[in-house]
Amino acid sequence: MLCVAQREDLAPELIREEVARGRMIIPANIHHRSLEPMCIGVASKCKINANIGNSSTTRISMKNFAKLQYAVK
């Protein structure tokens, strides 16, 4: 938590609270040996986005609308 807090310029308590509330995640892959802790969430620098829109190969489908709704949630 301390490493993530330092990277994000946030208090470690805020990181713990946001993770506990489900508003922040700290992704990690145990197979990545040089992992640098970071977080994704409302209070962090990193946010989640979803690529929704036109494609030259496919039409906009209900999957895109579902992805949009999930991203907003």
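Only the coordinates and a few stated rules stand behind these numbers; no lab work does. Bear in mind the structure is a predicted one, so any value in this text is a computation, not a measurement. Note that we place each Cβ from the backbone using ideal geometry, even for glycine, and neighbour counts take in every protein chain shown.
Which order do peptides 29-39, 9-19 fall in by mean Cβ count within 10 Å, highest first?
Going from most to least packed, we get 9-19, 29-39.
For Glu36 and Asp9, compute 0.36 nm times the residue count separating them, minus their Cα-Cα distance, and round to one decimal in nm.
Net length gain for the segment: 8.2 nm.
Report ³J(HN,Hα) in whole Hz for each residue of the range 4-20, in order, from the Karplus equation J = 6.51 cos²θ - 1.76 cosθ + 1.60 where θ = phi - 60°; Gly and Pro get x.
Taking θ as phi minus 60°, the curve returns 5, 4, 5, 4, 8, 6, 10, 6, x, 4, 5, 4, 4, 5, 5, 5, 4 Hz for the range 4-20.
Pull out the extension gain between Val19 and Leu2, defined as 0.36 nm times the separation in residues minus the alpha carbon to alpha carbon distance; nm, one decimal.
In short, 4.8 nm is gained.
Once R0 is set to 22 Å, what does the formula 1/(1 + (r/R0)^6) return for the Cβ-Cβ distance between Asn29 and Ser61, expressed as a FRET efficiency to the nearest 0.05?
Once the sixth-power term is evaluated, E becomes 0.15.
Can you list the HN-Hα couplings for the range 33-45, worked out from phi with the Karplus curve (6.51, -1.76, 1.60; θ = phi - 60°), rounded to whole Hz and with x for Gly and Pro?
Calculated HN-Hα couplings, in order: 5, 9, 5, 10, x, 8, 10, 10, x, 4, 8, 8, 6 Hz.
Averaging over every viewing direction, what projected area does the convex hull of the Cα atoms of the range 1-41 cover, in nm²?
Mean projected area of the Cα convex hull: 2.8 nm².
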